[in-house]
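Here is the structure we will look at.
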Amino acid sequence: MLQRLIAFSLAQRLLVLVVAVGLAAAGVWAFLRLPIDAYPNIAPTQVKLILKAPGMTPEEVESRVVVPLEMELLGVPNAVMLRSTAKYAIADITLDFQEGTDIYWARQQVAERYAGASDALPGDVSGGLAPMSTPLSDMFMFTIEGGHLSLAERRSLLDWTIRPALRTIPGVADLNALGGEVRSFLVTPDRSRLSAAGLHFRDVVDAIERNNRNDGSGRLRDGGDALIVRAAGAIATLDDLRQVVVTMRGDVPIRVGDVAKVGYGALTRYGAVTRDGEGEAVEGLVVGLRGADASQTVSAVRARLAELQRGLPAGVRIETFYDRSGLIKRAVGTVQSALVEASVLVVILLLLFLGDVRAALVVSVTLPLAALGTFLLMHLVGMSANLMSLGGLAIAIGMLVDAAVVVVENTVSRLSPPEHGEVAPLPRLHCVYRAAREVAVPVTAGIVIIVLVFAPLLSLQGLEGKLFAPVALTIVFALATSLLLSLTVIPVLCSLILREGAHREPWLMRQLERGYRPLLDWSLAHGRAMAVIATVGLGVGVVAYLGTGKTFMPTMDEGDMLVQLVKPASVSLETSRDLDLKIERAIKARLPEVEHVVARLGSDELGLDPMGLNETDMFLQLKPRKQWRGPDSAWLEQQLRDVMSAFPEVEYGFTQPIQMRVSEMLTGSRGDVAIKVFGPDLQVLNELANCIAGVLERTHGSQDVLAQTQEGMRYLGVQVDRQAVGRYGLDVTAVQDELRAQLEGSQAGVVIEQQRRTPILVRGDERVANAPERFGQISVARGDGGEVPLEHLAKLEATSGPVQVRRENASRYALVQANVSGRDLVGFVDEARATVERDVHLPSGYRVSWGGQFENQQRAAARLGLVVPAAMGMIFLVLFFTFGAVREALLILCNIPFALVGGVVALWVSGQYLSVPASVGFIALLGIAVLNGLVLVSFFNQLREAGMPLPQVVREGALRRLRPVLMTASITALGLVPLLFASGPGSEVQRPLAVVVIGGLVTSTALTLLLLPVLFRRFCATR
C-alpha cells in the first residue's frame, strides 16, 4: 500500500503539488475560523439552579428549598455530583453530569425535576435554571462612570439600555448586573394609621395588585367597523399609586395615600460594588454562552459598547477593567512565538546537518504544510486554538521533520553517483521511488510508535483530560499529516529540486563524527565500565525522583489578581462596603503597580456567585509588568500581604480570575487543597473544621488557610406564641408575613414606564430596620381596628446561627481551603493528612474528604499508571512485528529508563515539580527514545544481513546512523528551547515539559549511541 502511494505520487506529480497547495489554502482558511481562547473548554456538563427566597435564613432555605429539590434531583440519570449552598435569601444548587452528557438533555432533566418539586416550595421563591454558561464564562467586566448619575440612574442605564443590547450578541448568555440600586415605587405604610383602619401590610399589597392592570375586553361593532375595547387601569405615576383604594369604611374610601407614604426607593440590596476607594459603582459582567468563541464574543461586545457610548448621557463612560481577549492574546501569543522561533531553529539545524540548501528546503516544506493540515483537522473536529492545542503543535515541531529527513537523506544517497562504476545509474524518478520505498516501512512504524506513546493522554479524565487531550490530538494530527506529506509531497519535491551528483559530508557532521569515533571505540572496548556507568546513572535518577516534589499543574500567571476577603459573619452591608473602600485606598496608595481596584461584595443579580455580605472578591487590574518595581507576581503578593496586615479583622487569600473559577467548578472551593468535613450537626462540623484549619496552618507550606465554617451569624430570634396569637385573632403566618414586609418588603407588582418594568415595593419604615430596639417595640395590626405589641405575641431573644449551609450529595459539610507555596502539593497533603488523622478525632457519623488540585493529581497519576504500561505493551508488539524477534524489541525498550533518568534529573536540578505537564514530557521522551533505538537496530540488521561481521556491524552502523539519531534528538530538543525560556502567560505550563524532554534527550541520545551498540553486540549475536 505504501509503495503504491509513493508510486502514484511520483506518477502524478502535478496533481500532488496542486493538492498540496489546496491543503495549504484550506489550512489557512481553517486557521482563520478556529475559535481562539486561552484554555480549552474544561467545564463538565453542569447545570445550576439559582433560587431566591426573600427574607429566609440559611436553615430555612435549606429545609424549605434545598432539601425538597435535592430529593427530586438525586435520581437524575447520569448525574455524578450534587452540591448546594443555602445562604440568606438564596439557594445555589449545582448538578454535575457524566462526561459526554448532552448539555441540553441535562438541562431538560433538571427543569423537569424542578417543575415536579415546585409545588413543595414556598410561594415567594423565584428563580430557576441559571444561564447556559460555564465557570469560565466571565469574559468581560466594566463599570459605568461619570455623568454625575446616582447609583439608581446608573443601574437603570445598565439594566434597560446596555443589558438588552449586549444580550443580542451571539455567544453572550447574559449580562450580570452588580451593585447600584434597583429603582422602585416604594410604599411605606404608617403602622398607626393601618391599625386605626384595621388593616395589615398584606391588605395594602393585595389592593395594589388588584388595581394595577391594563386589559382588553374584546370587540364592538360600529357599523362596518370593529372597535377594540381596551380597559386601562394600570398604575403609571406616584399619584395613581396613592389613589388606589385599599378598603371602604362605610362610604369613606381608605386609599394607599391615606395609610402610607408613597415615593421612589430601591429594592433590598444583597451586595455592592466599589471602585478605587472612591465610592460605590455599578458593574456589568458579560457571561459567555457555553462553547462560544471567547475572542469573537469579546470583540463583538467591545464593538457594541462603542456604539452605545454615542447614545449615553453626556459625560457617562464605560470603563473596562477585565477583558478576556487580553489574556487570550498573551497566552496564545506565547505559544505562537515559540512556534515561530522553533521553526527557525529547526531550519537552521537542517542546514547544518544536511549541508545542502536544496535538501534542507525540501524538508522544511513539511513544517508549514503539516501545521496547516493540523489546523484543518482541528477545525473539522471542532477544536479551538488555545494554549494547550497550540502547545501540542509546539511540542511536535521537532518531530514533524523526522520522516521527511529520513526520506530526503536516503534520496540524496540514491542520487549520488554509484561507487567504482559497479551499477549503471537508474532514471531519476526511479531512484527517488526506490529511496522512498526503502524507508517507508520504518518511517511509518516510527510515527505509529510515537502516536501510540501519546495515546494515554486521550484516556485522562476530569480536568487533566480536558486540558491535555487537545495536546495529544494536535500531536497526532501533526504527525499523521507529516507522515502523509513525507510519502507523497516530499518524494515529488525531491524529484524536482534535488540535484544529482556527489554529496559531501557537511562540516558539522565531520566534527561530530571526529569526536564520536573515539568515544564509541572506548565504549565497545569497555563494556563492563559502560554497564557500571549506566547503573550509576539509574541510581542518580532514582535519587532525583525521590527528591522531586509532585503537584498537579503549575499556576498560570493570568496577568490579573484577585484578593478574597472574609469579614466577621454578621457584618452589615454598609460596614462591609466601608471596609472594602479602606482596603482599596490602602492598596492604591502603597502599590503603584495596581491600575484599578474593583471590589464586589455579596450576591450578584443572577446569583451565579452567591456570596454573603461578609465576603468580597477584590479584582486588581495590574499595570504592564515593565512598570513594576518588583520582578514577579510573588513579589506583588507579598506587598499585598503587607498592606492587609493593617486589617487584622479580615481574613484574605490570593488567586486569579480563571484559577478561582476552575477551583470552584471542581470542588466548590477556591483553594489548591479543599478539605470537606461531612456530618449532620453544624456545631460539630465547625469545631472539626477549625481544628483541621489549625493543623494546616502549622504545616510547612500552607498559605491563605480559610475555615469556611457555618456558624457565626448573629440572629434575633422571634419565637411566636401560638396561643397568644390566637387570642388576638391572628395566626402565625400573618405575624411572619407582617414582620417580613416590615424589613424585607413585599413586592406588589410592577409599573410599566416606557418599556421599563419598575417594581412596586411595600416596606416598613427604614428607621425600624436600622434599630433593633425599635423592631422589638413595633405593633401588629389585629384586624379589628386595634393593634398589639410584638412582645405580647412572641419572645425576642438574641442568638447565633449559621451564615450558610453547604451540602454535597444530600449531606452537610464544612469546608477548609488552603493554598500551597514553597513546596510540592502532594508532600504537603501527605503531611497534613497524617497530622489530621493523628490529632483530630472524628465522632461517629463524621468523615473527612481531601480534594482540590491534589485530587486531580492523584487521579491523573493513577490513570497514567494504568495506560502507560498498556501503551508500552502495544509498542513492544509493533517492535516485535517489525523485527520478528523478542530480543531486539526488548533491547530498544531498554533505552526508555535512561531517557527517564535525564528528565528526572533535569526536573530536580531546575527545581520544577513532577506535574501533569512534566508527565507529558516523559511520554514524548518515550517515543523519541524508542524511535532512535529503532533507527539504530534496524540498520544493524541491514548490515548483518549484507554479511558484515558483528563487531564491524555495531561500529559502522553506529557511525553511519550518527546523523539521523543526532538530528532527531537535537531538532526535537531545540524545538522546545523557546518554550523553556518563554515568559508569557502559559509558559509556566509548558516549561516543565520542555525541561523533561531536553534533559531526557541528553541521556537518551548518549546511551543510544554508546550503550546500545554494546548491548546489541552482547545480546543479539545470534538471531
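What follows is calculated from the coordinates using simple rules that are stated; it is not laboratory data. Owing to the predicted nature of the structure, the values given are computational and were not obtained by experimental measurement. As a convention, Cβ positions derive from the backbone with ideal geometry for all residues, glycine included, and neighbour counts pool all protein chains shown.
Cβ-to-Cβ counts within 10 Å put M71, M644, M378 in ascending order as M71, M644, M378, the fewest first.
Spin-label point model (7 Å from Cα, Cβ direction): what's the V252 to E649 distance in nm? Going by the 7 Å Cα→Cβ label model, 5.1 nm.
When only Cα pairs below 8 angstrom with a gap of at least 6 residues are kept, the chain shows a relative contact order of 18 percent. Residue exposure proxy: D402, D580, D240, D830, ordered by other Cβ atoms within 10 angstrom of their Cβ from fewest to most, comes out as D830, D240, D580, D402.
May I ask what percent, to the nearest 5, of DSSP beta bridges between residues of the chain are antiparallel?
Details: 124 of 129 bridges.
Looking only at bridges with both residues in the chain, the antiparallel portion is about 95 percent.
Here the Karplus curve 6.51 cos²θ - 1.76 cosθ + 1.60, taken at θ = phi - 60°, turns the phi angles of the range 32-41 into couplings of 5, 10, 5, x, 10, 8, 6, 10, x, 6 Hz, with x standing for Gly and Pro. Between amide H atoms placed 1.01 Å from N, distances below 5 Å from T247 occur with I254, all of them 5 or more places distant or on a separate chain.
Given R0 = 45 Å, the distance between the Cβ atoms of L538 and K623 translates into a calculated FRET efficiency of 0.35. Between amide H atoms placed 1.01 Å from N, distances below 5 Å from D138 occur with G288, all of them 5 or more places distant or on a separate chain. Other residues lying with their Cβ under 11 Å from the Cβ of H200 contribute a combined charge of -2, Lys and Arg counting +1, Asp and Glu -1. Net length available on complete extension from R782 to R310 is 164.3 nm, with 0.36 nm assigned per residue and the Cα-Cα distance removed. The trypsin sites (Lys or Arg not before Pro) of the range 170-278 meeting both criteria, a DSSP state outside H, G, I, E and B (loop) and at most 12 other C-beta atoms within 10 angstrom of the site's C-beta, are R213.
Pulled fully out, how much extra length does the chain show between E505 and W850, if you take 0.36 nm times their separation in residues and subtract their Cα-Cα distance? Each step should come with its number before you reach the end.
Details: separation 345, 0.36 × 345 = 124.20 nm, distance 6.06 nm.
Taking 0.36 nm per residue and subtracting the Cα distance, the gain is 118.1 nm.
Using a basic spin-label model with each label point 7 Å from the Cα along Cα→Cβ, how many nm lie between A862 and A724? Distance between the two pseudo-spin positions: 5.7 nm. Calculated over the range 238-303, the projected area of the Cα convex hull averaged across directions stands at 9.6 nm². Across the range 1008-1014, rounded Karplus estimates of 3J(HN,Hα) from the backbone phi angles (6.51 cos²θ - 1.76 cosθ + 1.60, θ = phi - 60°) give 4, 7, 10, 8, 4, x, 5 Hz, Gly and Pro being marked x.
Over the range 660-782, the ratio between the Cα radius of gyration and 2.2 N^0.38 Å evaluates to 1.66. The reciprocal of the average 1/r between distinct C-alpha atoms defines the Kirkwood hydrodynamic radius, which for the range 864-917 equals 12.9 Å.
For Y322, nonlocal amide neighbours, meaning residues 5 or more places apart or on other chains whose placed amide H falls under 5 Å from its own, are M141. Pairs with C-alpha atoms separated by more than 28 Å, drawn from the list K329/K466; K329/K676; K466/K550; K329/K626; K550/K588, are K329/K676; K550/K588.
Only helices enter this figure: runs of n ≥ 4 DSSP H residues, each worth -39500 (n - 2.57), summed and divided by the residues of the chain, yield -17000 deg cm²/dmol at 222 nm to the nearest 500.
When peptides 334-342, 300-308 are ranked by their average number of other Cβ atoms within 10 Å per residue, the highest-first order is 334-342, 300-308. Ignoring solvent entirely, what values of log10 I(q)/I(0) come out of the Debye formula for the range 36-133 at 0.15, 0.17 Å⁻¹ when each Cα is a single scatterer? The calculated log intensity ratios at q = 0.15, 0.17 Å⁻¹ are -0.58, -0.72.
Using θ = phi - 60° in the Karplus curve 6.51 cos²θ - 1.76 cosθ + 1.60, the 3J(HN,Hα) couplings for the range 745-753 round to x, 10, 6, 10, x, 9, 10, 8, 10 Hz; x is entered for Gly and Pro.
Within 12 Å, Cβ to Cβ, of L227, how many net charges do the neighbouring residues add up to if Lys/Arg are +1 and Asp/Glu are -1? Display every interim value, and only then the final one.
Numbers: positive: R219, R221, R230; negative: D222, D225.
Once all neighbours under 12 Å are counted, the net charge is +1.
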